[in-house]
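Okay, structure first, notes after.
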Amino acid sequence: MTYRKNRVRRNQPQKYQILSFLMRYQKVGSGPCILLSHLCSAYSVHRFTGIEPVGPGFELFREPLNILKANFGFNLHEDTYENFNPSKKYDLIFLINVFEHLPDWRGFLQFAKNILKPNGKCIILCPNYSFPYESHFGIPIIFGKDTTSKIFRKYISNFESSKSSFGLWASLNFVKLRQVIKETKAIGLDSKINTQINVDLINRLSCDPEFAERQRFIGSVAKILESIGLVKALGIYPFFLFQPYMHIEISIKPDQPQP
């Protein structure tokens with residue numbers, strides 16, 4: 001299962017993180033629809049459910065979405081996750097570049113806990129705002145969201161206008177990895193941090209010109225780290241808490257009662 005706002009772009013190299021889990025599970029929740037269709041085609045023995053909040057401006061996508069649903073046979077909940085009340089639990093929930101847009105990310109963690117099977121996992125991949133850089137807009141973070149918004153107000157407005165992504169800045173919650181770790185512990189969830197994702201992103205800078213152009217600031221930082229031989233140290237605690245991207249796998253603790 002994945003929740004995704006319209007017009008928010010996804011990084012691509014994380015797909016193998018999801019596919020590796022699909023080989024093991026008989027029932028999987030997933031989305032959004034392009035990736036969801038691919039998964040339905042590649043793994044037809046599995047069942048998939050996507051969550052896509054359908055709102056104003058979605059009319060252009062209605063016909064293609066209906067075609068995809070008819071051709072690939074996935075289930076789609078056309079509302080927010082808060083209004084999703086499944087009758088069964090899930091082996092896997094995943095979100096790719098979505099978690100940073102949730103108004104109540106803590107509430108989502110509790111939601112995931114409620115619908116995961118005892119041995120299920122929730123995989124979250126998104127920017128880590130402990131790192132002072134906003135990757136959607138490609139700007140530095142200066143003393144948090146409010147100050148950054150004031151300093152870059154005109155740039156943010158022009159960016160949203162040029163990309164037809166109005167409201168993108170307002171949707172960002174600036175969630176930090178250390179906050180997620182703390183919250184998972186508080187509600188009885190285990191969390192596992194995969195730091196390899198940041199090494200993968202650094203490697204992607206050298207083979208994906210479009211990505212490198214969008215993330216020039218990160219590219220500059222990566223070159224510095226490579227020049228001083230610190231790329232291999234990215235996974236050392238507590239340094240990983242300040243990496244630009246998070247990949248966290250959440251599961252229910254064995255001793256937790258099931259809701």
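Coordinate-derived values only; no laboratory data. This one's a predicted model, so the numbers in the text were calculated from it and none came from an experiment. FYI the Cβ positions are ideal-geometry reconstructions off the backbone, even for glycines, and counts take in every protein chain you see.
Between beta-carbons, use under 13 Å as the cut-off and find the net charge around Ile181, counting Lys and Arg +1, Asp and Glu -1. So the environment of Ile181 carries a net charge of +3.
A dipole drawn for region 91-225 from +1 and -1 charges on Cβ atoms has a positive end, and of Leu95, Ile202, Pro127 the residue lying farthest that way is Pro127. Dipole magnitude for region 103-186: computed about the Cα centre from +1 point charges on Lys and Arg Cβ and -1 point charges on Asp and Glu Cβ, it is near 260 debye.
With one equal scatterer per alpha carbon and no solvent term, the Debye-computed log10 I(q)/I(0) for region 167-220 at 0.23 1/Å reads -0.94. Taking +1 at the Cβ of each Lys and Arg and -1 at the Cβ of each Asp and Glu, which of Thr184, Ile156, Leu172 sits farthest along the dipole of region 144-186 towards its positive end, judged by Cα position relative to the Cα centre? Checking the options against the dipole of region 144-186, the answer is Thr184. Stretched out straight at 0.36 nm per residue, the stretch from Ser161 to Arg178 would grow longer than its current Cα-Cα span by 2.8 nm.
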